[in-house]
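The values are calculated or read from the model by the stated rules, or taken from the named source; none is laboratory data. Just so we're clear, the structure is a prediction, and the values are computed from it rather than from any experiment. Cβ: placed from backbone, ideal geometry, glycine included. Neighbour counts: every protein chain shown.
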Amino acid sequence: MEAGEELGLTEQLQFVFKGETSMNAWFILLIACGVGQLLLQIRQAILPNLNIPIHVMCMLAGIIVRFVMDKTGTGSEEMYAHFDSIGDICLAIFVSMAITTMKLWQLIDLALPLITILLLQLVLIFVFVRFLTFPLCGKDYDAAIIAVAHTGFGLGAVPVSMATMSSVCEEYRYSKLAYFVVPLIGGFISNLTNAIAITTFMNIAAGML
């Protein structure tokens with residue numbers, strides 16, 4: 001089975017929760033999460049003033065695990081297909097939990113400013129993606145999927161970009177390049193640089209008080 005191949009719900013659940021390869025995929029993902037927690041503890045000991053979220057460290061651990069799998073030849077297309085299906089399920093759970101726990105009624109007084117900001121943000125991200133992201137990424141199918149993901153990222157966060165990208169790929173076809181670039185840049189590198197930039201400017205502001 002190729003990574004990204006569309007499955008029905010029943011087939012996908014059977015694919016993800018049955019078989020030795022499936023159990024190995026779950027086990028490897030849990031190892032990555034454990035290594036990420038260990039890296040977080042190391043970061044807190046070495047750089048206590050630098051705030052990096054746990055999910056960024058888990059993504060770094062995932063990069064390390066994938067590198068080791070590629071070097072040792074222990075990975076396979078079937079294994080990576082299991083990773084994709086598990087990721088789709090976990091992403092759906094995360095988005096559902098995020099939406100159901102939002103207290104939108106507490107933002108009723110900010111409805112007009114939020115709508116105004118959203119409209120301006122929509123125009124800005126459209127112009128940016130249309131005239132920068134898509135051309136700079138090559139003006140091909142992969143560039144289009146990256147642009148779609150960038151739209152979700154610009155209007156929300158990495159989970160939104162992944163969900164948007166997944167829905168488009170289900171309609172057309174899978175893009176290995178986009179699924180490599182978007183989580184790496186949008187999920188890992190941007191969070192890392194944001195943490196460094198925010199911490200730096202907060203320290204500068206604190207020193208000015």
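For the range 112-171, the set of residues classified as surrounded by 12 or more Cβ atoms within 10 Å (Cβ to Cβ) and either β-branched (Val, Ile, Thr) or in the same structural domain as Phe83 (by TED's automatic domain parsing) (or both) consists of Ile125, Val129, Thr133, Ile145, Ile146, Val148, Thr151, Val158, Val160, Thr164, Val168, listed by residue number. Scan the range 12-25 and report the pairs whose first residue is closer than 8 Å to His82 by Cβ and whose second residue is at pLDDT below 70, with Cβ atoms within less than 7 Å and a gap of 6+ or a chain change. Matching pairs, first to second residue: Phe15/Leu7; Ser22/Val16. Figure legend. Inter-residue proximity from the range 181-209: first residues modelled with pLDDT under 75, second residues aromatic (Phe, Trp, Tyr), beta-carbon distance below 7 Å, spacing 6+ or different chains. Indicated pairs: Gly186/Phe153. Would you mind stating whether Lys71 is of a type in the set (D, E, K, R) and in a helix (DSSP H, G or I)? Criteria met by Lys71.
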